[in-house]
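Reviewing the structure listed below.
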Amino acid sequence: MVSEQKKIQHLLLRAGFICPPGDIAALSKMSVKDVAQKLWNDSQAQTPLASAPEEEETKLKDLPPDERKEQMLKRAMLTRGLNLEWLKIMCTTNAVFREKLTFFWHGHFACHSILPHFAQGLNNQLRQNALGKFNDMLTAVSKSPAMLQYLNNEQNKKLSPNENFAREVMELFTMGRGNYTEDDIKNAARAFTGWRFNLSGEFLFAERQHDDDIKTFLGQTGNYNGDDILNIILQKPATANFIVRKIYRYFVNENIDEDICNTLATNFKADYDIARLMYTIITSDWFYDEKNIGTRIKSPVELIVNLERAIPVTPTNPNAPIFVQRILGQVLFNPPNVAGWKGGKNWIDSSSLMFRLSLPGIIFKQDEMNIQAKEDPEEAEHKMMQRNDEQEQQPAPRKQGKLAATADWTAYLNAFRDVKDNDLYESICEYLIQVPQPDFKKETIMKYVTQDTRDEYIKTLTIALMSTPEYQMC
């Protein structure tokens, strides 16, 4: 039997991020559906990213070497700033439903831009449309300078089409493999010719580079442009099926329930309303089935955000959260490729698991630890440009940083003030762990708990539970 508190925490962990235990106690007095409605209402607000200013219309190759170096390092710092700005929003906002969906779409429409204001613009488009219509989001993303640049549509010209953009739109963003042919890719690429942008971040249509001849795409023939291609894709049931199943795997369970997904996809295709789809999911009884609770491995960013929301921390080194992201394999604004992060069991290997398990102790015990992570891709690219062509290209060096932080335990400790001593273990465990605990686990956990004072007991028990494999699940 799943407790009401467990259901509420399941809702928060999947449709948002966990909140402090005191807030959980207050939410537990509400029905699960009322909490879902609160998430919905709170997420009508949005906080766009704003730390990356528009860049002057000057290409790096046109700058002298010293100015080029300065500009690349400036871009790297701005991208780090975007990362930390978004992380702070996720850690503090009440609009957690919108931010979690923005985070989901950030992985779905995976993109890396060396221009920070392009990355910022795309992220804000995802946030703006996160609870809107998928067709609007698809159009906005497809016309974003960040994505057009990332997928080489600048090279897509009438006399020499580049198929990269068209291929990924179908394979990764909409229909998935097996629902189109190579000829469909070729004709879609022709339709997307002329889609351009300027360095201010504005979409441009270069009519002279556009192929305006007749094209046949997915069984339809006409004088199609890029917007026509997107509309035809949206008409296909494969698109709704693909999106719904990806959402189901992420928010519900990696094991698909075909009957549920077929119903959701049919309704989704009617108007591509993301908000209606997500509201249906989080208010359905099957969402809270025991088989769906505690079955997902937290992504690195989810782990960082949930730790911070439970117990606020101030890192000694402001860049420490980025170091942690690099070590664990998920850096905001820097996906491994256009397919995004694989997720699931791919988050865990022998080295990352050990670091995950030690992370709460490092943060909340105020321990210091030297950590190493690969340098920023922008910095690595700059160094590559500085090498002579004849020089052997060495691997990018690893950067060191100090991981230490000061935790504010005040609100956390106050949340358990009225809990009886004999009930503390179960109460804290109920808050932190979503999966059932085996009987022998408490005896093992208590070996790492200090019982000198009540506060120390709560702190060390919390750290010990956060350092278990079970805490990695949500």
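The values are calculated or read from the model by the stated rules, or taken from the named source; none is laboratory data. Keep in mind the model is a prediction, meaning the values are calculated, not measured. As a convention, Cβ positions derive from the backbone with ideal geometry for all residues, glycine included, and neighbour counts pool all protein chains shown.
A few remarks follow.
- Set side by side, the residues Gly294, Gly219 differ, and just one is in contact with a strand residue (DSSP E or B) (Cβ under 8 Å, 6 or more places away or on another chain), farther than 19 Å from Ser142 by Cβ and among the small types (Gly, Ala, Ser), which is Gly294.
- Of all residues in segment 231-245, those satisfying the criterion of being in a helix (DSSP H, G or I) and either surrounded by fewer than 22 Cβ atoms within 10 Å (Cβ to Cβ) or on the phi > 0 side of the Ramachandran plot (or both) are Asn231, Ile232, Leu234, Gln235, Pro237, Ala238, Asn241, Phe242, Arg245.
- Taking segment 413-474 and the helices (runs of 4 or more DSSP H) fully enclosed by it, the elements with 2 or more residues that are buried (at least 19 other Cβ atoms within 10 Å of the Cβ) are at 424-432, 454-466.
To keep it simple, each residue is scored yes or no on (1) modelled with pLDDT of 95 or more; (2) surrounded by 14 or more Cβ atoms within 10 Å (Cβ to Cβ).
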| site | (1), (2) |
| --- | --- |
| Arg14 | yes, yes |
| Leu27 | yes, yes |
| Ser31 | yes, no |
| Gln46 | yes, yes |
| Glu57 | no, no |
| Lys69 | no, yes |
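- The listed residue being out of contact with any Pro (no Cβ under 9 Å at 6 or more places or on another chain) and at pLDDT 95 or above, out of Tyr431, Tyr425: Tyr425
- Candidate set: segment 145-161, residues that are under 14 Å from Val338 (Cβ atoms) and polar (S, T, N, Q); chosen: the one surrounded by the most Cβ atoms within 10 Å (Cβ to Cβ): Asn153
- Residue, surrounded by the fewest Cβ atoms within 10 Å (Cβ to Cβ), within segment 97-134, restricted to residues that are touching a Lys or Arg at 6+ places or on another chain (Cβ under 9 Å) and outside any helix (DSSP H, G or I): Ile114
- Answer from Ala50, Ala95 - the residue that is under 23 Å from Asp273 (Cβ atoms) and either of a type in the set (A, V, I, L, M, F, W, C) or at pLDDT 95 or above (or both): Ala95
- Some residue of segment 154-168 being farther than 24 Å from Gln235 by Cα and within 27 Å of the chain's Cα centre (by Cα): yes
- Selection count where residues are within 19 Å of Asn337 (Cα to Cα) and within 15 Å of the chain's Cα centre (by Cα), scope segment 113-136: 5
- Tally of residues being crowded, with 18+ Cβ neighbours inside 10 Å and either part of a loop (DSSP other than H, G, I, E, B) or among the hydroxyl-bearing types (Ser, Thr, Tyr) (or both) across segment 202-230: 5
- Among the criteria (1) in contact (Cβ under 8 Å) with a residue 24 or more places away in the chain; (2) surrounded by 14 or more Cβ atoms within 10 Å (Cβ to Cβ), the one Cys261 does not fulfil is (1).
- Qualifying residue in segment 280-292 (condition: under 23 Å from the mean Cα position of the chain (by Cα), more than 23 Å from Gly340 (Cα to Cα), assigned to a helix (DSSP H, G or I) and among the charged types (D, E, K, R)): no
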